[in-house]
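A short worksheet on the structure shown next.
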Amino acid sequence: MAVEAASARAPYAADPARSRGRRHAEAAGDARSAFRRDCDRIIHASAFRRLAHKTQVFVFHEGDHYRTRLTHTLEVTQIARALARALGLDEDLAEALALAHDLGHPPFGHAGERALDEAMSAYGGFDHNAQTLRVVTQLERRYPDFNGFEPDLGDAGRHRQAQWSPHSAQRGAAGALPRVWHPDRHPRIRGAARPRTLEFCQRRSQVAAIADDIAYNAHDIDDGLRADLFKLDDVSDVRIVRTLVRSIRAEHPTLEPERLVHELVRRLIAALVEDVFAESQIRLTSLAPGSADDIRRARERVVGFSAAMASAEQAIKAFLYPRMYRHPRVAGIMDDATQVVRDLVAHYAERPQDMPEGWTQGLDPADRTGRMRRIADFVAGMTDRYALLDHSRHFDSTPELR
């Protein structure tokens, strides 16, 4: 990526010195900012380590070269830091949001999420973004005085501070909350955040959100080609890919296919990142924010693709959806994975005592909603292989997911 570092922190960047701090006061034990501490806490968390064995697109035994939820997260983090640096934002805050953005994903990716949402439909539903907030604020239990990571509350600014979230949401004109944050659906998750800063969001973290899109668009092309779900000539039907492939072949006419694909992915990421930087600079010049509060008051996203690149990015998504995410080979495996999650939730709904001891403590037999949320938390925290192993303990037949 050719984007260079900004010379100094921009006036509209989140400022850790103006943070509202944590709910539980802590002594300043070292030179790290609060945002840097958040990064470190996430990296050391059990939920973060488990991402190594959670599906991105391919389940774990498909091969060692495909992205997992962890490697995807690391790639998102690298892109988010690069954008934050170029725009003069707080890199540590952008990194923390990127590191945390998928902590709430259950086993088997979106297939597992759909199964959990279906099973929890009468108890508030399930969404991996909301589950990330539960992990961050409740489910990780590593510290003596609080649950979660006790994340920093962010730059205080002039607005009411709501709970920290890597996918925070904005109230609409009518004051209603988006589906994922509606208190009726997620009664234990309160206070959807207002748009905070460029590192944080409008609707969700602007930098981390677009870094997520860039990472999976580029790397899913790489994984899809490696898995032989489609050919390079097929994806070259997408104009931006065709243009990049032609330029690579013109410069390196004898380049072997594997290296050509790596160069394609590299150049695609660079093109997307450079476009975001250029377009965001235009928007920043127009808005002329002098503080993070000016970003909070902005009606539109400040970090984004140009119109032309947004169209190209949508074309990549339109290509990948039927040829990769809904490819019969992938879809068949995910259908089996969905049933595994359904089975596990149904089993524990009938026999919650089969969960490990720590998960049954304090359960009120009369509180079915609380019991089902505990079950959802337990199943969502499983890795792919643990879910399959646990399924085999309780059922006579467990699919191989091949």
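Details
- Taken over the stretch 239-284, the criterion of being touching a residue at least 12 places away in the same chain (Cβ under 8 Å), under 20 Å from F319 (Cα atoms) and charged (D, E, K, R) is satisfied by R239, E263, R267.
- Of all residues in the stretch 333-343, those satisfying the criterion of being more than 22 Å from the chain's Cα centre (by Cα) and modelled with pLDDT of 95 or more are Q339, V340, R342, D343.
- Out of A119, A115, A86, sole residue that is farther than 26 Å from F277 by Cβ, among the small types (G, A, S) and surrounded by fewer than 24 Cβ atoms within 10 Å (Cβ to Cβ): A119
- Remark: pairs (first residue in the stretch 106-123, free of Cβ contacts under 8 Å to residues at least 60 places away in the same chain; second residue part of a helix (DSSP H, G or I); Cβ separation under 7 Å; 6+ apart in sequence or on different chains) = E113/H128.
- Within the stretch 347-386, considering residues that are of a type in the set (S, T, Y) and crowded, with 18+ Cβ neighbours inside 10 Å, the one nearest to T55 (Cα to Cα): T383
One line per residue, one yes/no per condition, for (1) assigned to a loop (DSSP other than H, G, I, E, B); (2) open to solvent by 30 Å² or more (accessible area, probe 1.4 Å); (3) modelled with pLDDT under 95:
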position	(1), (2), (3)
E279	no, yes, no
G290	yes, yes, yes
I295	no, no, yes
R299	yes, yes, yes
V302	yes, no, yes
A331	no, no, yes
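- Residues being modelled with pLDDT under 75, closer than 24 Å to L93 by Cβ and not acidic (D, E) are represented in the stretch 205-226 by at least one member.
- Restricting attention to the stretch 223-241 and to residues that are on the phi < 0 side of the Ramachandran plot and of a type in the set (D, E, K, R), the residue that is most open to solvent (accessible area, probe 1.4 Å) turns out to be R239.
The values are calculated or read from the model by the stated rules, or taken from the named source; none is laboratory data. Here the structure is a predicted model, which means the values were calculated and not measured. Methodologically, a virtual Cβ is constructed for each residue, glycine included, from the backbone with ideal geometry; neighbour enumeration extends over all protein chains shown. We work out accessible area using only protein heavy atoms, side chains counted, and drop any ligands, DNA or RNA first. Shrake-Rupley method; radii C 1.70, N 1.55, O 1.52, S 1.80 Å.
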